[in-house]
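A.B. asks: First, the structure itself, so that you have it in front of you.
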Amino acid sequence: MHNFNSGPSILPQEVLEQAAEAVINFNGTGLSILEIGHRTAWFGDVISEARSLVKELMQLGDGHEVLFLHGGATTQFMQVPMNLLDADKTAAYIDNGIWGSKAIKEAKLFGNVDVVSSTKDKNHSYIAKNFTVPANAKYLHYTTNNTVEGTEWHQIPETNVPLVADMSSDIFSRALDFSKFALIYAGAQKNMGAAGVTLVVVRKDILGKVKRAIPPIMDYRTHIEAGSLLNTPPVFAVFVSMLTLRWIKKEGGLAEMEKRSKARAELFYNTLDSLPVFTPLVAKEDRSLMNATFTIKDAQLEKEFLDMCKERGMVGVKGHRSVGGLRVSMYNALPLSSVEAICDLMKEFNEKHVEEVVS
Ligand SMILES: Cc1ncc(COP(=O)(O)O)c(C=O)c1O
């Protein structure tokens, strides 16, 4: 199969094999990873290796803490403002797509939100890079990669206030100066592992400044004190993340992931741009290296294209239900050969329909 799913999505074959083996017999213990206690030394080793791999890959020091939490990135939409934004204070948000808009809606439940930049005017088909963040904003929140719309920030926004990023769909796909971020969160189910765990990387000095009482399960400080073991963590999902992080390191780290992301995206977009039957949806300079969105000029032909994909073992090509069209997701574990396969199919489809579409 060629797996273009947007998430949960493709994982490295060797990670799947190691995870499968651990379901039967974890590290030769005679027990399944699904059967061991989260407070055993066995799982302690797993979570501490996962934590140190995150720090190593991101090149972060002691100022940042790594947490593995429940609830998906969606829970972070509220957990971030609950921990960082007092009711009478303001946070700045960038609205670049569906996920950012959801984060804005949740933040408004906790304090004032200043939407400093929005790309709603053009269906979020570009990234607006010029905006002003009020100096008194408690933080600036943005989504590094817009999974649904297919745009990605190719530079870190400049700001003097703490920077908070939803990196759910491009985490560990490229090298960044992660020290610039006060808080990063990401659902694991794209580049980092199995669904069920959310990575939070937080700079400790931004915590403990709001007046409200925070329930312990929602308070980052309690999770830090408990080493992500406040309650039962998603043991298997953390384990798969640890295996995936090991794989990323072994393959050459984030520099290598970035090289591969660029190679896949370059091949895909060059092909897309050369075929008149297809229409790219996003401004060239803001195109995502992870999620390529496009349509077919004659929408009636979409079903035929998707049927052809299905016949050739290509899954996940249908666009998000809210925007329609087509989307090809190209996460870390996707081999270049899968991109070559869909490019060949697109060329063939173009050949077949170009005359009727262009005339
Ligand atoms: C950028 C982004 N943020 C947030 C989410 C929501 O994540 P979850 O389903 O883990 O809550 C997604 C899901 O695809 C996403 O792509």
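The numbers here are math on the coordinates, done by the rules we state, and not lab data. Every value quoted in this text rests on a predicted model; they were computed, and no experiment measured them. Don't worry about glycine lacking a Cβ; one is built from the backbone with ideal geometry, like all the others, and counts go over all protein chains shown.
A.B. asks: Beta carbons within 10 angstrom, averaged per residue: use that to sort the peptides 17-28, 283-294, 246-257, highest first. Each step should come with its number before you reach the end.
C.D. replies: On the way: 17-28: 13.7, 283-294: 21.3, 246-257: 15.8.
Packing order, densest peptide first, comes out as 283-294, 246-257, 17-28.
A.B. asks: Suppose every K and R has +1 on its Cβ and every D and E has -1 on its Cβ; what is the size of the dipole of the chain about the Cα centre, in Debye to the nearest 20?
C.D. replies: Numbers: 38 positive and 42 negative charges, 180 e Å.
About 860 debye.
A.B. asks: Additional query: Answer rounded, prolate or oblate for segment 201-244, using the Cα gyration tensor with square roots of eigenvalues a ≥ b ≥ c: rounded when a/c is under 1.5, else prolate when a/b is larger than b/c, else oblate.
C.D. replies: On the way: a/c = 3.41, a/b = 1.94, b/c = 1.76.
Since a/c reaches 1.5 and a/b is larger than b/c, the shape of segment 201-244 is classed as prolate.
A.B. asks: Hey, another quick one. Which value, in debye to the nearest 20, describes the size of the charge dipole of segment 179-237 about its Cα centre when Lys and Arg Cβ atoms bear +1, Asp and Glu Cβ atoms bear -1, and nothing else is charged? Can you show the working numbers first?
C.D. replies: Details: 8 positive and 3 negative charges, 59 e Å.
It comes to approximately 280 debye.
A.B. asks: Of Met314, Asn146, Pro12, which is farthest towards the positive pole of the chain's charge dipole, taken about the Cα centre with +1 and -1 on the beta-carbons of Lys, Arg and Asp, Glu respectively?
C.D. replies: Checked the options; the winner is Asn146.
A.B. asks: Now for a different question. Please state the shape class of segment 149-229: rounded when a/c is under 1.5, otherwise prolate if a/b exceeds b/c and oblate if not, all from the C-alpha gyration tensor. Write down the numbers at each step before the final one.
C.D. replies: On the way: a/c = 2.25, a/b = 1.31, b/c = 1.72.
Here segment 149-229 falls in the oblate category.
A.B. asks: Another one. If you build the Cα gyration tensor of segment 293-359 and take the root of 5 times each eigenvalue, what three semi-axes come out, in whole angstrom, biggest first?
C.D. replies: Details: eigenvalues 83, 46, 20 Å².
Largest first, segment 293-359 gives 20, 15, 10 Å.
A.B. asks: Another question, then. Rank by packing, highest mean first: peptides 165-172, 315-322, 52-59, with packing defined as the count of other Cβ atoms within 10 Å averaged across residues.
C.D. replies: Working: 165-172: 26.9, 315-322: 15.2, 52-59: 17.1.
Result, highest mean first: 165-172, 52-59, 315-322.
A.B. asks: Another question about this same structure. So if I take the centroid of the Cα atoms in segment 74-133 and the same for segment 330-359, what is the distance between those two points in Å?
C.D. replies: After rounding, the separation between the Cα centres reads 36 Å.
A.B. asks: Of the residues Thr143, Thr40, Thr90, which exhibits the maximal mean-square fluctuation in a Gaussian network model of the chain defined by a 10 Å Cα contact cut-off?
C.D. replies: Checking each option, the largest mean-square fluctuation is seen for Thr40.
A.B. asks: Could you tell me what a quarter of the Cα convex hull surface of segment 1-55 works out to, in nm² with one decimal place?
C.D. replies: Numbers: hull surface 20.4 nm².
So the Cα hull casts an average projection of 5.1 nm².
A.B. asks: How large is the Rg to Rh ratio of the chain when both quantities use alpha carbon positions and Rh follows Kirkwood?
C.D. replies: Numbers: Rg = 21.1 Å, Rh = 21.3 Å.
My calculation of the ratio gives 0.99.
A.B. asks: Determine the sum of side-chain charges near Asn291: Lys and Arg each +1, Asp and Glu each -1, restricted to other residues whose C-beta is under 10 angstrom from that of Asn291.
C.D. replies: Details: positive: Lys190, Arg287, Arg327; negative: Glu149, Glu152, Asp170.
The answer is 0.
A.B. asks: Continuing with the same structure: If you project the alpha carbons of segment 78-207 onto the principal axes, what extent comes out on each, in Å, largest first?
C.D. replies: Sorted from largest, the Cα extents of segment 78-207 read 38, 36, 26 Å.
A.B. asks: Based on DSSP, what percent of beta bridges with both residues in the chain are antiparallel, to the nearest 5? Intermediate results must be reported in sequence, preceding the final value.
C.D. replies: Details: 22 of 39 bridges.
Antiparallel bridges: around 55 percent, rounded to the nearest 5.
A.B. asks: Please list 3J(HN,Hα) in residue order for segment 309-315, calculated via the Karplus relation 6.51 cos²θ - 1.76 cosθ + 1.60 where θ = phi - 60°; whole Hz, with x for glycine and proline.
C.D. replies: Those phi angles translate into 4, 4, 4, 9, x, 9, 10 Hz.
A.B. asks: Also, I was wondering about something else. Can you compute 3J(HN,Hα) from phi for each residue in segment 88-103, using the Karplus curve 6.51 cos²θ - 1.76 cosθ + 1.60 with θ = phi - 60°, rounded to whole Hz and x for Gly and Pro?
C.D. replies: 9, 10, 10, 10, 9, 10, 9, 9, 10, x, 3, 6, x, 5, 5, 4
A.B. asks: Rank His2, Thr74, Ala107 by how far each Cα sits towards the positive end of the charge dipole of segment 1-112 (+1 on Lys, Arg Cβ; -1 on Asp, Glu Cβ) and give me just the farthest.
C.D. replies: Most positive-ward Cα: Ala107.
A.B. asks: Now for a separate question. I need the phi-derived Karplus couplings for segment 208-217: 6.51 cos²θ - 1.76 cosθ + 1.60, θ = phi - 60°, integer Hz, Gly and Pro marked x.
C.D. replies: So the Karplus estimates, Gly and Pro as x, are x, 10, 8, 7, 5, 7, 10, x, x, 5 Hz.
A.B. asks: Also: Compute the distribution of all C-alpha to C-alpha distances in segment 1-103, in bins of 10 Å from 0, and list the percent of pairs in each, rounded to whole numbers.
C.D. replies: For segment 1-103, the binned pair fractions read 11, 25, 35, 21, 7, 1 percent.
A.B. asks: Treating the beta-carbon of each Lys and Arg as +1 and of each Asp and Glu as -1, no other charges, what is the dipole magnitude of segment 1-144 about its Cα centre, to the nearest 20 debye?
C.D. replies: Taking the Cα centre of segment 1-144 as origin, the dipole is about 680 debye.
A.B. asks: Among Pro12, Pro215, Pro234, which one shows the biggest mean-square fluctuation in a GNM of the chain, springs joining Cα atoms closer than 10 Å?
C.D. replies: Looking only at Pro12, Pro215, Pro234, the biggest GNM fluctuation is shown by Pro215.
A.B. asks: I want to verify a result. In a Gaussian network model of the chain, Cα cutoff 10 Å, which of these has the top mean-square fluctuation: Gly193, Gly37, Gly100?
C.D. replies: Gly37
A.B. asks: Now, a different point. Report Rg (one decimal) and Dmax (nearest whole number) for segment 209-318, counting Cα atoms only, units Å.
C.D. replies: According to the Cα coordinates of segment 209-318, Rg and Dmax are 21.5, 57 Å.
A.B. asks: Same structure, new question: Putting +1 on Lys and Arg Cβ atoms and -1 on Asp and Glu Cβ atoms, find which of Pro134, Val328, Ile36 reaches farthest to the positive end of the dipole of the chain.
C.D. replies: Sorting the options by dipole projection puts first Pro134.
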